[in-house]
Amino acid sequence: YSFDFSTGNSVYALLALIAGFGTAVWNTFSKKVSDRYSSLQLNLVDFILFFAGALVISLLLAEQWTAPSFSPIWIANMIFGLLFILTGQLVIYGFNRLDAQIGSLVMLIEVLFGVLLGFLFFKEIISIYTFLGGALVIFAIVLPEIKLESISKRLT
């Protein structure tokens, strides 16, 4: 993929950076307070904050709203919403049992799934750089699990 700052994409890149930072802050925060609050309560706070932010942005941009209806599009949106709830629960559950650094590395595997799904459903081309990046992500996930003592014993 290439990126050109002159085409106005820098706004979207900045928004992606802010979203990534916000996700990291939320995941770390939820790990710190998960011993006092249930994952359901943390998820509720997460969705309330997200809803408030999305509502403010929607109102500022004067977006058109449509009433929900029983259609395939709305059913897909409901399934998408349920998947978000399930994902939120699983992220909090996982971060309760893993160090934040390892959990954050494991979450990078979603990029690999995104590339794979793009290849399967949208016929996107996977370049050698994508393979190398995927290998680096997998290596970063596995690296904390490698015990240095066992390596040094094998070398001697």
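The values are calculated or read from the model by the stated rules, or taken from the named source; none is laboratory data. Not measured: the values here are computed from a predicted model. Backbone-built Cβ (ideal geometry, glycine too); neighbour counts: all protein chains shown. Remember, those area values only see protein heavy atoms, side chains included, never the ligands or the DNA or RNA. Shrake-Rupley method; radii C 1.70, N 1.55, O 1.52, S 1.80 Å.
In debye, nearest 20, what is the charge dipole magnitude of the chain about its Cα centre with +1 on Lys and Arg Cβ and -1 on Asp and Glu Cβ, if you could check?
The calculation lands at about 460 debye.
Leaving out ligands, DNA and RNA but keeping every protein chain, what accessible area does Lys147 have, in Å² rounded to the nearest 10, with a 1.4 Å probe?
Surface open to solvent at Lys147 totals about 120 Å².
Can you tell me how much longer the chain between Ala54 and Leu14 gets when fully stretched, taken as 0.36 nm per residue apart minus their C-alpha distance, in nm with one decimal?
Value of the extension gain: 12.7 nm.
As a check on your grasp of the helix formula, calculate [θ] at 222 nm for the chain: sum -39500 (n - 2.57) over DSSP H runs of n ≥ 4, divide by the residue count, round to the nearest 500.
Calculated at 222 nm, the ellipticity per residue is -25000 deg cm²/dmol.
Distance in nm between label sites at Ile75 and Lys32, each 7 Å beyond Cα in the beta-carbon direction?
Each label point lies 7 Å from its Cα, and together they span 4.4 nm.
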